[in-house]
Amino acid sequence: MRPSQAASQARIALEHGDTTTARETTDLLLARFKSYPPALMVRILLAERASENDAALDDLKRVTSVEPANAEARAIQARLFQHRGDTDLARDAAQQVVDLVPNNPQILNSALDVLKVDADALQTTPAVIARIHLNCGWPELAERHARVAAQASPHRVDIRLLFAEILWRLNHLAQCEAECRVVTDQAEECIHAAVMRAHILSERGRTAEGQELLDRIGDIDPEFVEARKLLATLEVHRLVLPDMPEIELPENLRVRFENGHAMSHDRPKFHPPVDKTLAAPGSVDNDMSGAMVPSAAAEDNLESIPPTLDEADALASPPTSLDTAKSNTPPDSEHRKPSTTPTFSTLDWARDLMSRSEWSESEIVLKDLLEDHTLDTEALDKLFLEAVDHEPLRRTAWKLLGDHYMRTGRPQAATDAYLHASNTVDEPQL
């Protein structure tokens, strides 16, 4: 099992109140990767539940050193500082959450509770504008706002890291390296800064040094998730990403995880409605702007399943629906009663099919998703990378990922994906 999969299982166990499984899995991961952020986040949440605030804050220092832009970590810091009575520190951490523009409403609402303001009352800061421009692929527009934000708040490591990434994307490598050094003075283990510095070293002909720096990241980010995201934006690079590691779970944890999967398989299957119409304007479901709405029959059978963190992010992402779901709203839809049943985006649908080992249907949905150009690029990156973890889908998923990389202007990453596809032997679809 991949470390990220084990951390995800620990998070799910915690959400369902199984603190024993969550703690044992976390201890296993941290024994091998002592600063692994997903495992540390589970231990932080366990400590917060047990009111062990000092222990949680100690772990949060490690997480924010590795990931200064981790919005959830900053939100938890804000809560803990507020509980401790450190109002100024709490508000500063909460403001950082807002400036990071999180797409998880729970994280944002947690910060707003500390700031004691409504979302409508938030001021648009230069840091927010810079991050939005960068997320939209406009680093030229982002640079000026990030420079203003960095000058106004030189102590904010998240803003300095944002400025460094913008410079890196603009190929201003000398300036980027200088900013990365400022970042690592405050956040010694910052993965993002280390990846950019590794690339800069390789561009200067010091590829061996850059590769050594990149390899060291594996002690913190064993699957090189951040490195894969950043380097995939480049047309060409000289760095080699190591293979993803696997961890061996003890028998007791493996049985618990398998039992958990069996329980999820027993849930009634979700199928999108035949007409695939959208929710009525102004209804509760319409807030998802294009998420598929279960039919009346599905509403009767679908259990209310609390979303995991990944699912919450997917539900908060831009409109995601199949081309066939983009029909006009029928005339009687304005009289439709708002539904209180959880809505599934097509990304969730694909994950649900994969979790139930319905490989043929999963493949069809994945191919349809590739053709939907309205979907968020990073969300699709993540989904296809999840799909390659399933042996029956591996070859198809690598091929689709290569097509996706080509469509989004990343030929080097596409070449790697196609190579994986050509080296993968088809598995029988059970």
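Every number in this text was worked out from the coordinates using simple rules, so none of it is lab data. All of these numbers come straight from a predicted model, not from anything done at the bench. Cβ placement follows ideal geometry from the backbone for every residue including glycine, while neighbour counts extend to all protein chains displayed.
What to note about this one:
- In terms of packing, defined here as the mean over residues of other Cβ atoms within 10 angstrom, the peptides 121-127, 91-97 line up highest first as 91-97, 121-127.
- Applying a DSSP loop filter and a limit of 14 other Cβ atoms within 10 Å to the GluC sites (Glu not before Pro) in segment 159-206 leaves 188.
- Loop-located trypsin sites (Lys or Arg not before Pro) in segment 127-221 (DSSP state other than H, G, I, E, B) with a sparse environment of at most 14 neighbouring Cβ atoms within 10 Å: 204, 206.
- Packing around the peptides 44-53, 5-14, taken as the average count of other Cβ atoms within 10 Å per residue, puts them in this order, highest first: 5-14, 44-53.
- The fraction of Cα-Cα pairs per 10 angstrom bin, counted from 0 for segment 124-231, comes to 16, 46, 31, 6, 0 percent, rounded to whole percents.
- Stokes-Einstein diffusion coefficient of segment 38-129, Kirkwood radius over Cα pairs, 4 °C, 1.567 mPa s, in µm²/s: 98 µm²/s
- Counting neighbouring beta carbons within 10 Å and listing from fewest to most, the residues 404, 420 come out as 420, 404.
- The peptide list 80-86, 385-391, put in order of mean Cβ contacts within 10 Å with the highest first, becomes 385-391, 80-86.
- Likely footprinting exposure, 183, 225, 117, fewest C-beta neighbours within 10 Å first: 117, 225, 183
- This ranking places 176, 190, 136 by how few other beta-carbon atoms lie within 10 Å of each, fewest first, which gives 136, 176, 190.
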